[in-house]
Structures are given as C-alpha cells and as structure tokens.
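This report refers to the structure that appears directly beneath it.
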Number of protein chains: 2
Amino acid sequence: MSNVRKILNVVDLSQIFDQYFNSNENGLVRLRNPNLKSLDHDFLYHLELGTNDHDFVKMFGDVKFICTGGTAIRMKNFINSIEPELSKKLKTKLEIWQHSSSRYSMYKVGPVLAVNHGIGVPSLQILLNELFKLMYYAKMKNPVIFRIGTCGGVGITPGTVVITNEGVDEEINPYFVQVVLGKKIHLPATLDRQLVRELKALVNSDDPYDTIIGKTMCTSDFYEGQGRLDGAFCKHTIADKMDYLAKLQEAGVVNIEMECTAFAALTYQAGIKAGICCVAMLDRFKGDQIRTSNEVRKQWELRPQDIISRYILRHL
Amino acid sequence: MSNVRKILNVVDLSQIFDQYFNSNENGLVRLRNPNLKSLDHDFLYHLELGTNDHDFVKMFGDVKFICTGGTAIRMKNFINSIEPELSKKLKTKLEIWQHSSSRYSMYKVGPVLAVNHGIGVPSLQILLNELFKLMYYAKMKNPVIFRIGTCGGVGITPGTVVITNEGVDEEINPYFVQVVLGKKIHLPATLDRQLVRELKALVNSDDPYDTIIGKTMCTSDFYEGQGRLDGAFCKHTIADKMDYLAKLQEAGVVNIEMECTAFAALTYQAGIKAGICCVAMLDRFKGDQIRTSNEVRKQWELRPQDIISRYILRHL
C-alpha cells in the first residue's frame, strides 16, 4: 500500500483526521469544510430540507442509526419492520415519520433513520454529503451508518449475506477515486474492522443462510462493467468474463455492487462509523440474469436488514 | 482529437457502426450484442419487465419519442402536459399508461414514453441498457431519445435553456470513460448536430428566456466534483473554484450536469438519435446553493420540456 500511496498520491486520512477524531470528545459529527460556518442558510437541495426552514435538532437530534439502501421501498419496509421491536424495547409506541423529496425518501422511527440512495456512486455521494451536513446541524451524537443492499456474488451461493471488510474498485485497488476540479484524488475505501466483527457475531446459528465476510468490488456499471454478457452492448467474450471473475475471486472479492468504495471512503473521511451488508442475488460464475422469483428476492432482501436490526436493538 | 485517439485508444465507432447503420434500412433498433439471440427469456431487472411476461411489441411498439430525466415526478408532469396536445393532434383521446419498478417509473401516452433515470451516470447507464433492449424487443422504428434535465450554468443567466452540442468530462475531454472488465474504454460523447440545430430552430421569439447551444460538462459528483464550496467536505479554495470555472468557460462549456457524456456516448454507440436539453438553476460563478424558490424552479423545469414537446408535435 505504501508504494501505491506514493505513486498515486493516496490521501493519508489518518493524519488529516487526528484533529477531528481527537477533538471529537462529545461524539458530535464534525465537518471538514470551514466554508459552512459562513452560510446563513444551508439548503440541502436534493433532500429538500433547509436549516432556516426546518429545526434539524428537533427533527433528527435523537438519531443514532442511519440505514441507506438503493430503493425507497426497501427503506420503508425496513422502518416498518423494526418499529414494533423498537417500540417494545423502548417501552413506548413510536411513530413513523417520513419525508420525500423528488429524489430521496426518508423514514424515521425513534433513533433510526432510513434513506434510499438510488443507484451508483454519484447518487450515493450526493446523499452522503447532505446526510453528513444534516447529522452536523442536527447535533447527532456518535451516529453509525449502514448500507443495506443487494449484490452479485462471486463464487458464493445465492441468498448468502456478505459483510464487506474492504471496498475495491474495478482494478481491485482499495480506494475510491474522486475527481475534484478535474484532478483525481484517491481516498482509501476503509471500513471499521471492529464493526465488521460485531456484525458477524450477530449471526444466529439457526439463520437459514450463510453470512460471510469479504471484499466487495464497486463498479459504475451493472452490465459490461461487471462482465455481464446480456446488456445492450457486449465487447467481451464469456472467457474474458470468467477470467475476470476468477481474478476477482483470487483477490478475495466475494461480491460486486455499485456503491461500496464511495460509501467506505466518504464515511471514513467524515469520521463516521460505517458498515455494509448485502445479500447476493446470484452467483456471477453461473449467470448474469437475475431469475429468482420476486417473492424469493423479497425474502432475501430481508436478510441484511435482519442483521442490522439485531445490531441496532443490541446497541440501544 | 486524432492524437488523443492514439494515446487513449479512443474507440472509433464510425467503423464499427457502418454495418449497423447501413443494415438499418427499416429503422429498427439494432443491438451490438450477439449473446442476446441465445437468451430464451430476457428479464430487464431494473425495469421489472421480461420478454416472456410482457408483450413488448404491443406495449411499446408505437413509441417514437423517449424522454428521460432525473426525477419521476418531472417525467409524469411531462406526460400529463403533452397529453392534451397529442390527443388534439392525433384526433383521438389518448390514455396515459404507467409502470413503476422499485427503481424507475415509466409513463406513456401514444407515441411518447418518459422514464426517470435517477442521478448520475451509473443509474442512467442501467436505464439506457434496458431501454435499448426494450426498443429492440418492441421493434420500435427510428426512435429519438432526449434527456430533459436541470443543470448548473457557467457564466449564463439562471433560467437559460441549454441544448448540448457535445459532452465533455471533468478534464474537458469529449468522451465517456467506460470501465469494462477493469480496463478503460473511451467512447466519443457525440450528439447529433442536425438535431441540435432542429431543437434550436424551435425556439420562439417570444419565449421569456434564452435558449443557447454549448458544451456540457459531466461530473460524477455534485459538490467537490463541480467545485462547490458548500458540501460536507472541501479540499479547495474559492480561487481554485473560480479558476476551474474560467477554464471551463474558455473551452466553451456553458453548463454542468451529471449524465451527458454517458448519454451521448451510449446513444451514439447504439445508433439512436439523441438530444440533451437542460435548464440552468443558477450561475456557478455567482454561487453554489440553489436558492431559487420552489415555485420558480418548477416553472423553469418546464422550459426544456416545452422545447422537446414542440419537436415531438412537429414530427408526428
């Protein structure tokens, strides 16, 4: 890694962060942007929430856990399913609150907030920027953020849950390439190893599926970018695809999705504890099309949600 | 460009395409993927439509114009607003049909189909792959596709409409970088110049806003990637931002959004006529926050829709 750092000018966040983590004694989220102090009003455009129009502390100050995932319906289902257990644990009937902008939908129950991030890094990156600012303005303390998603498996049984311990890009490099003012910056796609172990420890012996830890590859395309042969275009052969998947597997990659490097890098850069937990919809060695029935897919989507629910209920 | 082509191995699509354009006498959409012929059933996963479950020819065979844009609500409003004029022109009361998957929403009225593409290239790229396959299976003839969007202006008056004549990336290169099996491929972000002129000719002298033609820069981030100073992070100064915007302006860039290079490159690669028409929500030289009222933003969003509506009504 040190050679890679030198060659690619990978940002060493540990040095930059010392001042933030060390000064972060009260658990409040810190933002690495001094310009925000001079804004009289901050309008989070894509969330359609503004600091002058909404009381962020009142609305979100009690949030401890933030869950994100691709679709709004999964986020809504997650909040609906965790509400009874939360209400029971906190011994009060909790109300579900929701707010939809034209781009993102958020659902909140007690200390849990869930928001869809759409598909891919750009959509996720906008959401994370606005969520981090929301956490800051709301004075959230020690929030933990999760991505609960679906993915393609690399040599694993469909339905398996993957807890990501590191995000890698399409060239199996462990960082997220951000382009700022036309220049590439390489941010380490690092996740909290302790949180990975904690999530794994929440697996029940009678869960009817496997939960494994592994590297996750992030791509910016679902079709050719993941070696699929069934997109509108195909410039490669099945042999090229299989070679690529084998190379990924050899490097420890167990699944492929479209957000992990940015999720890991940006949460790490913000100093916010973060975890990624996804269910594999197919084994890419065996095919490209997702042919599992709608009903089975919906059952599988609950699996990573269950693990995150267990984490939340244990940490209340 | 020829030097750039050599250095970066830019794909020369004109050679590849000859066989497709030339053999395309009946106007049917051709797909550049021979593997699809061996699929007994093609499930367009993100649209939640399958060739065995849906009669694509019956559902979409009459579509001539496809409009895409970031949000579902804008697509719905577009279809609602064009319906009366279409019904009048075609002398029949047209019904609006809609289909929502958990990720995309489509609306159809007569020969016009509108679908939201979400935010950013990955989300757009999935939609285009599945739309191109849908066009092929539906046996659409000579479809034209548009992106109707919002953008940030570079030295132009807020509310101005921009017709894109070329997409450029963050380094002002006129191509889209696609990563296939870990290797970078550079696809030209070319748009139909004739269509650009046709769209410009549809501007009315009494339109209460300017419509201009220019280059559009595509970024993968809304905040730091566009030089904004108001994201959760900021690693640059206001002087860096202004220098970058000036450099863009000097190169002919008049607006910034998050999809144009992929939209141009993939439609060009598919041999489908395509245009991009966006309204600028602010002038980035003068600020980063979008402070225009919700009501004014909604009015402005109608402007590119109006131009595309005029095109559709003229070409029926």
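The charge dipole of chain B, taken about its Cα centre with unit charges on the Cβ atoms of Lys, Arg (+1), Asp and Glu (-1) only, comes to about 580 debye.
With N residues in segment B:88-129, what two-decimal value do you get for its Cα radius of gyration over 2.2 N^0.38 Å? All intermediate terms of the calculation are to be shown ahead of the outcome.
Numbers: Rg = 13.1 Å, N = 42, 2.2 N^0.38 = 9.1 Å.
Dividing the Cα radius of gyration by 2.2 N^0.38 Å gives 1.44.
Just to check, using Stokes-Einstein with a Kirkwood Rh over alpha carbon pairs, what's the diffusion coefficient of segment A:229-288 at 20 °C and 1.002 mPa s in µm²/s?
On the way: Rh = 13.9 Å.
In µm²/s, the coefficient is 154.
For segment B:94-211, the gyration tensor built on C-alpha atoms gives an oblate shape. Its axis ratio a/c (a ≥ b ≥ c) is at least 1.5, and a/b is not larger than b/c.
Using a Förster radius of 56 Å, what is the FRET efficiency between B:Glu198 and A:Asp53 based on their Cβ-Cβ separation? Nearest 0.05, please.
0.85
Distance between the C-alpha centres of segment B:165-182 and segment B:51-104: 30 Å, rounded to the whole angstrom.
Across the cross-link table entries B:Lys89/B:Lys273; A:Lys37/A:Lys76; A:Lys58/A:Lys215, which are compared at the Cα atoms, the separations over 29 Å belong to A:Lys37/A:Lys76; A:Lys58/A:Lys215.
List the residues whose amide H sits under 5 Å from the amide H of B:Gly227, counting only those 5 or more places along or on another chain, with H placed 1.01 Å from N in the peptide plane. Result for B:Gly227 returns A:Leu181. In this assembly of identical copies, the label point of A:Ile238 (Cα plus 7 Å along Cα-to-Cβ) is separated from its counterparts by 6.1 nm, sorted shortest first.
Legend: ranking of residues A:Tyr137, A:Tyr209 from fewest to most surrounding C-beta atoms inside 10 Å; resulting order A:Tyr209, A:Tyr137. Each DSSP beta bridge with both residues in chain A is either parallel or antiparallel, and the antiparallel ones are about 45%. Principal axis extents of the C-alpha atoms in segment A:2-315 (largest first, rounded to whole Å): 56, 48, 36. Of A:Ala114, A:Ala239, A:Ala72, the residue with the greatest mean-square motion in the GNM of chain A, using alpha carbon springs below 10 Å, is A:Ala239.
Quote the FRET efficiency, to the nearest 0.05, computed for B:Asp40 versus A:Asp207 with a Förster distance R0 of 35 Å and r equal to the Cβ-Cβ distance. After rounding, the FRET efficiency stands at 0.55. Estimated from helices alone, the mean residue ellipticity of the protein assembly as shown at 222 nm is -11000 deg cm²/dmol (sum of -39500 (n - 2.57) over DSSP H runs with n ≥ 4, per residue). If you take the square roots of the eigenvalues of the alpha-carbon gyration tensor of segment A:62-162 and sort them as a ≥ b ≥ c, do you get rounded (a/c under 1.5), prolate (a/b over b/c) or oblate? Cα axes put segment A:62-162 in the oblate bin. What the Cβ-Cβ distance of A:Leu313 and A:Thr292 gives, at R0 = 25 Å and to the nearest 0.05, is a FRET efficiency of 0.30. Once Lys and Arg get +1 and Asp and Glu get -1 on their Cβ, which of B:Tyr136, A:Trp300, B:Thr160 lies farthest toward the positive end of the dipole of the protein assembly as shown? My answer, from the dipole projection, is A:Trp300.
Taken residue by residue and averaged, Cβ atoms of other chains lying within 10 Å of the Cβ of B:212-222 number 3.
Taking amide H as placed 1.01 Å from N in the peptide plane, the amide H of A:Ile145 sits under 5 Å from that of A:Ile66, A:Lys273, A:Ala274, A:Gly275, each at least 5 places away or on another chain.
Across A:Glu48, A:Glu259, A:Glu166, mean-square fluctuation computed from a Gaussian network of chain A (C-alpha pairs under 10 Å connected) peaks at A:Glu48.
Distances between equivalent label points of A:Ser205 across the copies, with each point positioned 7 Å along Cα→Cβ, amount to 8.6 nm, shortest listed first. Scaled against the 2.2 N^0.38 Å expected of a compact globular protein of N residues, the Cα radius of gyration of segment A:211-316 reads 1.23. Using the Cα gyration tensor of the protein assembly as shown, with a ≥ b ≥ c the square roots of its eigenvalues, what is the shape: rounded (a/c below 1.5), prolate (a/b larger than b/c) or oblate (neither)? Rounded.
Values quoted throughout were computed directly from the atomic coordinates according to the rules given, and no laboratory measurement underlies them. What you see is a predicted model, and the numbers here were worked out from it, not measured in a lab. All Cβ positions, glycine included, derive from the backbone under ideal geometry; neighbour counts span all protein chains shown.
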